Protein chains: 2
Amino acid sequence: MAAVFRSSLKLRTATRLSAVRPLSTTAHLRAAEKPFFPDEPTAPKLATAIPGPNNKAAAQKLDQVFDVRSLNMLADYYKSTGNYIADTDGNLLLDVYAQIASIPVGYNNPHLRKVAESPEMVNALINRPALGNFPSHDWADILNTGILKVAPKGLNQVFTALAGSDANETAYKAAFMYYRQRERGGAEKEFTEEELQTTMNNQSPGSPQLSIMSFKSAFHGRLFGSLSTTRSKPIHKLDIPAFDWPQAPFPSLKYPLEEHAAENAQEEQRCLQEVERLIKEFHNPVAAVVVEPIQSEGGDNHASPAFFQGLRDITKRHNVLFIVDEVQTGVGATGKFWAHDHWNLATPPDIVTFSKKAQTAGYYYGNPALRPNKPYRQFNTWMGDPARALIFRGITEEIERLNLVENTAITGDYLFAGLERLAKQYPEHLQNLRGKGQGTFIAWDSPKRDEFLAKAKNVGVNIGGSGQSAVRLRPMLIFQKHHADILLESVEKIIKQL
Amino acid sequence: MAAVFRSSLKLRTATRLSAVRPLSTTAHLRAAEKPFFPDEPTAPKLATAIPGPNNKAAAQKLDQVFDVRSLNMLADYYKSTGNYIADTDGNLLLDVYAQIASIPVGYNNPHLRKVAESPEMVNALINRPALGNFPSHDWADILNTGILKVAPKGLNQVFTALAGSDANETAYKAAFMYYRQRERGGAEKEFTEEELQTTMNNQSPGSPQLSIMSFKSAFHGRLFGSLSTTRSKPIHKLDIPAFDWPQAPFPSLKYPLEEHAAENAQEEQRCLQEVERLIKEFHNPVAAVVVEPIQSEGGDNHASPAFFQGLRDITKRHNVLFIVDEVQTGVGATGKFWAHDHWNLATPPDIVTFSKKAQTAGYYYGNPALRPNKPYRQFNTWMGDPARALIFRGITEEIERLNLVENTAITGDYLFAGLERLAKQYPEHLQNLRGKGQGTFIAWDSPKRDEFLAKAKNVGVNIGGSGQSAVRLRPMLIFQKHHADILLESVEKIIKQL
C-alpha cells in the first residue's frame, strides 16, 4: 500500500504531465476528521478516458472464456487502496459502490492483510473442512469471536453459508421444516410413510406446497428458491421456473418524508393489510415472510420502523416466521450494525441473513426449535468457508477499532445534508432523496440515471445504480467527511454535464 | 508439518507408553513407491478411544452455537498431514474419506501452503471482487492457468460458482434460458410483454414450467432447484417444496460385472428407454438431463460407458442438454481427470459441473449459445471466489507435478485387487465390490455398514459411507500403495470385529 501511495503522490505532484488530472486536491482540508488511512490518496486521479486502452484489451481477452457483458471495469486491486479503486490504465476512482456494496473496510486494509497472512488463514485455505462433519477444533472460537460476536440481539445461533443466495435458501428451508414440525405436533413426531415416499417424487405431502412471502421489488438472490422471492426485474427471472409464492406490495413512500407523513403512514397500513390478507388467503400456506430493511437492488425503497413493527406483529400473530434479509443492509452501512436495529422491535426477527460486507454468509437465529429435529436435514459439504469467516472476524475488529458504525452514521448525516442542498439546487436531477438517518445508505432518483452513472467515472467517481432510476450510494464504512466533500463536488460536476 | 512428524515418530518409538498403539509400522515397506510426502507418518496412531475426552468437550462447546449432530470428529488441522487427519486427543487417522471426498492433495500440502502465502492470495482475500462487474485485471490469467487448463475436452468456457449446489443450479438456469431461446427462435428474439409481466408473478410463460430430469438415487445438491433433482434419501428432501420434475431409473447393476454382462446390458437399456419415454411424455418439458458419472451420495452406483453414450445420443436426438455433474467424481479420483473421460463420447457433454476437490466450483461449457442472450441474466454478486480459484490452480499444479491421476489409477487397481481377495475371504461382509478400473473410487456393501464405519476409527482409519449400505472409499489423490496396504489390513481387522 505504501508503494501505491508513493506512486499516487508522484502522479499528483506531476500535474503538468499530459493526461493526469488531479481532482479536489483540497477537499480533505475542509473536513475536520483525521483520515483512517494516512496512506490513502487525497483525491481521485484520471490518466485516460474510461474505459482506457488497457481495460479494453484485457476485457477482450477475458471475454474469450468468461462472459464480460456485465463488466463495469477491470480493476487493479494491487493499486487500489482505502476508498479508491484503480483500473489498469492508471486511473484511481473514489469508489462509492464498493464492488456491489460488499467491501467494508477499504481495499488493501492493513489489518485484513495481517489476517490474510496469519497461520490461521493458511490453515483454513489449505485444509478446507466439511464444517458439518469435521469442523476444526477452534471453529467454536472462530464463530464466537467473529460471526457471533456481532450477532443481532436475541439471536445467538448461526448456520453458516457461502453467499446471500444460499444464506436465504437455507433460512427458507429452516422455516419450512419448522412449519411442518409444528403442523405435525412437535419435534418428536415421526414422518409418515406417505411423506417419506412422496418426497422422493417431489410431491406433497412429503414435499409440501408451502410458500415464502416476499415483497414487490424485493431482491433475495438468484438461485431457484431465492429467485422465487426476488421480484426486482424481469431480466433476473425470465425463463427460470419459479415456485407459486405470494408477493405483497412494498410501501411506495413520497419524499420528502416530513411533507407526506399521513399519506405515507396510510400507504404502509395498506401494505400491511395486504400482507395479512395474503397470509390468511394465499393458496400455498405461508411459512415465512422475508423482507429487506431497505430494498436495495429493487431501487432503494425504504419503509418506516412502524411498518416493520407491524410486520413483526402480523407474523407473530399468524405463526409465520419473520426473516430479515440483511445481505446488503447489514454490517454497519446504515449507521447501525444491523439495519433492523433502527426498528426497536419488541421481539427480534426469527431469522436474520447476512453476506456481502461480511465476506462470508449465513443466517442467525435464536429459537432452538429452528434447529431441524434430526441431523443432516440442514447440511451440505462445506457449510461456509472458515477462510472467509476469519476475514469477517478481522472486519469486525476493524469496525470496533475505528468505531466505523458511528463514523458511518456521522458521515452519512453530513453527506445527506450536502445532497439536500444539491437537491434544492438541481431538483430536476436529484429527486426523492432518501436514506436520512440511515448512515451512508443513501439514494435518489435521476431521470438520466444511466447517463449520470456513465459520466461519474470520468469525473473520478465509481457509483452504482439500483432499480429503474435510482443512483445508490454504497460507500465503505471508512468513508469520511473529506470523501463526502469530493463526492458532493463530483455529483454537482456530473449534473452540470447532463 | 515437520513438527507433527517428529512428535508422531516420538510416539511411535515410545510404544511402551500407556495408551499409544502404533499400527502397521512395517506396512510402507511392502510397497515399492517412494512416498510423495517424506514427512508423512508411516502409520495411524491411537492415543485414546475415539471420540476422546477433548473431542467430547469441544463438541459440547460448539453445540451451543452450531448444530453438531452431524459431527463426525473435531479435527486438529495443524497436526494433520498428507493422508492423515489428527483429532484433538492425539489420534492420527489414515483418512480415506478426505472430508467429504473434497481434499485432493493432502492436509498441509507444502505447495498449497506456498500458494496460500503468496501475494496473489492475500490480494484475493482482502480485495474480494464482484467478478461479473469488477474482475481483477489478471482474472483471465487465473482462469486460463487453472480452472480452464484442466477443462474437459471440448468445453472451453466457464461460469464460476462457490459450491456444487450453485454450480448445478446456474447450469440448470443456463439450460432453461437456452431451451426457451430455441423455442423463441433465436438469441435475437425479444421477450414478449406477457413474458415480462408473468415472470414477476412467478407464472408461465415468463417463468415456464420446464424441468430438469435426474435419476433415482441421484444427488445434485440441497438448495431448491438442485434438491428437486436430488433423489438420494428422504431426510435430504422432507418438508422442502420441490419442482415437479421427472426422475428416470438409474441402472441397478449386478456384481461381479463379468458374471452378469447380458443382464446388466439389458437393465441399462431399460433405463435408457425410460429416459427417452419421459423426455417425450413428461408433462413439464425436459430442458436438460443431469447425471453423475458414479452416483456417489446415493450409494456408489455405477453404469457402463455404453449407458452414458446412450444418454448422450438420446439427449442429442431430442435437443435436450446433457449435464454431467462431476462434483464428486471430478479432479482425478477415478483415475482420469474427469470421470466422463472413461466414456469416449463422440461429442462432449453440453455442461460439466465441478466442485469439492477443486475447492472452488462452476460449470464448463463449449457452445457459445449457452451464454444467455443478454447480460445480467446469469449473474450474482461474487460469482465465485478468486482465493479458492488460486487454490485450485495450485492443486492442478500438484497433480501435474506428481502425476497424481496416474497414481490414482495405479493405486486404485492395486487396492481393488486387494479388496477382491478380501471379498472372497469375507463374502458376507464385503458385497458388490465396485469401482474396478475407476481409480480409488471404490465401494462395497456391508450388511453391518454403520457398525463397520464406527469401528474403523478405532483401528486408525477414517472411512465414510454412502446410500443405505455402502462403504465408500474416497482417499486423496496422494493415496499410495503403502496406504492401500494399511487400509486393507484395517478393513480385515474391522471385519474380524463385526
Margin query: What are the equivalent ellipsoid semi-axes of the protein assembly as shown, built from the alpha-carbon gyration tensor (square roots of five times its eigenvalues), in whole angstrom, biggest first?
Written below: 47, 33, 28
Item checked: Ascending list, in nanometres, of distances separating the A:N344 label from those of the other copies (7 Å, Cα toward Cβ) -> 7.6
Note to self: Please report the antiparallel percentage of DSSP beta bridges with both residues in the protein assembly as shown, rounded to the nearest 5.
What the structure shows: 65 percent
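Counting residues in the stretch B:315-379 as N, plug N into 2.2 N^0.38 Å and put the Cα Rg over that result. Don't jump to the answer; show the numbers that get you there.
Working: Rg = 13.3 Å, N = 65, 2.2 N^0.38 = 10.7 Å.
For the stretch B:315-379, the normalised Cα radius of gyration is 1.24.
Count charges around A:T230 for me, please; just the other residues with Cβ under 10 Å from its Cβ, Lys/Arg as +1, Asp/Glu as -1.
On the way: positive: A:R222, A:R231, A:K233, A:K237; negative: A:E297.
With Lys, Arg at +1 and Asp, Glu at -1, the neighbours total +3.
Could you work out, residue by residue across B:163-169, how many beta carbons of other chains sit within 10 Å of that residue's beta carbon, and then give the average as an integer? Write out the running numbers ahead of the final one.
Values: counts 10, 3, 8, 8, 0, 1, 10.
Taking all residues of B:163-169 together, the mean is 6.
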Note to self: I'd like to know how chain B sits against the 2.2 N^0.38 Å rule of thumb: what's its Cα Rg over that expected value?
What the structure shows: 1.01
Notebook entry, point to check: Reachable aspartates and glutamates from A:K149, Cα under 17 Å, same-chain residues fewer than 8 places away excluded?
Noted result: A:D138, A:D141, A:E326, A:D341, A:E397, A:E398, A:E400, B:D63
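Expressed as a fraction of 2.2 N^0.38 Å, the rule-of-thumb size for a compact globular protein of N residues, what is the C-alpha radius of gyration of the stretch A:109-214?
Numbers: Rg = 19.0 Å, N = 106, 2.2 N^0.38 = 12.9 Å.
This ratio for the stretch A:109-214 stands at 1.47.
Over all directions, the average projected area of the alpha-carbon convex hull for the stretch A:187-344 comes to how many nm²? Spell out each step's value before the answer.
Details: hull surface 45.5 nm².
Projected area, direction-averaged: 11.4 nm².
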Note to self: Compute the distance from the alpha-carbon center of the stretch A:453-498 to that of the stretch B:62-89, in whole Å.
What the structure shows: 47 Å
Item checked: Subset of B:K216/B:K357; A:K34/A:K336; A:K216/B:K216 violating a 28 Å alpha-carbon distance limit -> A:K216/B:K216
Next item on the list: Report ³J(HN,Hα) in whole Hz for each residue of the stretch A:272-283, in order, from the Karplus equation J = 6.51 cos²θ - 1.76 cosθ + 1.60 where θ = phi - 60°; Gly and Pro get x.
Entry: 5, 4, 5, 4, 5, 4, 5, 4, 6, 10, 5, 5
Check: Can you give the relative contact order of chain A as a percent, counting alpha carbon pairs under 8 Å and 6+ residues apart?
Finding: 21 percent
Margin query: On C-alpha positions alone, give me the angle between the axis of helix A:164-184 and the longest principal axis of chain A, in degrees, nearest 10.
Written below: 20 degrees
Next item on the list: Give me the net charge of A:S296's neighbourhood, meaning all other residues with Cβ under 10 Å from the Cβ of A:S296; Lys, Arg count +1, Asp, Glu -1.
Entry: -1
Next item on the list: Using a cut-off of 13 Å between beta-carbons, work out the net charge of the residues near B:N108 (Lys and Arg +1, Asp and Glu -1, B:N108 not included).
Entry: -2
Next item on the list: Would you compute, from DSSP H runs of 4+ residues alone, the mean residue ellipticity of chain B at 222 nm, taking -39500 (n - 2.57) per run and dividing by the full residue count, rounded to the nearest 500?
Entry: -11500 deg cm²/dmol
Note to self: If packing is taken as the average number of other Cβ atoms within 10 Å across a peptide's residues, how do B:215-228, A:230-243 rank, most packed first?
What the structure shows: B:215-228, A:230-243
Item checked: Whichever aspartates and glutamates have a C-alpha closer than 14 Å to that of B:K45, once near sequence neighbours (fewer than 8 apart) are set aside -> B:D87, B:D89, B:D95
Notebook entry, point to check: Averaged across the residues of B:216-226, what count of C-beta atoms belonging to other chains lies within 10 Å of each residue's C-beta?
Noted result: 5
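How many Cβ atoms of partner chains, on average, are near each residue of B:370-377 if near means within 10 Å of its Cβ?
If you average over the peptide's residues, the count of other-chain Cβ atoms is 5.
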Check: Which cross-chain or sequence-distant (5 or more) residues have an amide H under 5 Å from the amide H of A:F215, H modelled 1.01 Å from N in plane?
Finding: A:A248
Next item on the list: Note the angle between two axes, namely the Cα long axis of helix B:404-425 and the longest principal axis of the Cα atoms of chain B, as a number of degrees from 0 to 90, rounded to the nearest 10.
Entry: 70 degrees
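Step through the table entries A:K436/A:K481; A:K79/A:K436; A:K424/A:K496, compare each Cα-Cα distance with 25 Å, and write down the pairs that go over it.
On the way: A:K436/A:K481 16 Å; A:K79/A:K436 33 Å; A:K424/A:K496 14 Å.
The pairs that break the limit, which is 25 Å between Cα atoms, are A:K79/A:K436.
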Next item on the list: Taking H placed 1.01 Å from N in the peptide plane, check which residues at least 5 places from B:S70 or on another chain put their amide H under 5 Å from its amide H.
Entry: A:Y376
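No lab work stands behind these numbers, since they all come straight from the coordinates. Small disclaimer: the values here were computed from a predicted structure and weren't measured. Counting neighbours? That spans all protein chains shown, and the Cβs are built from the backbone with ideal geometry, glycine included.
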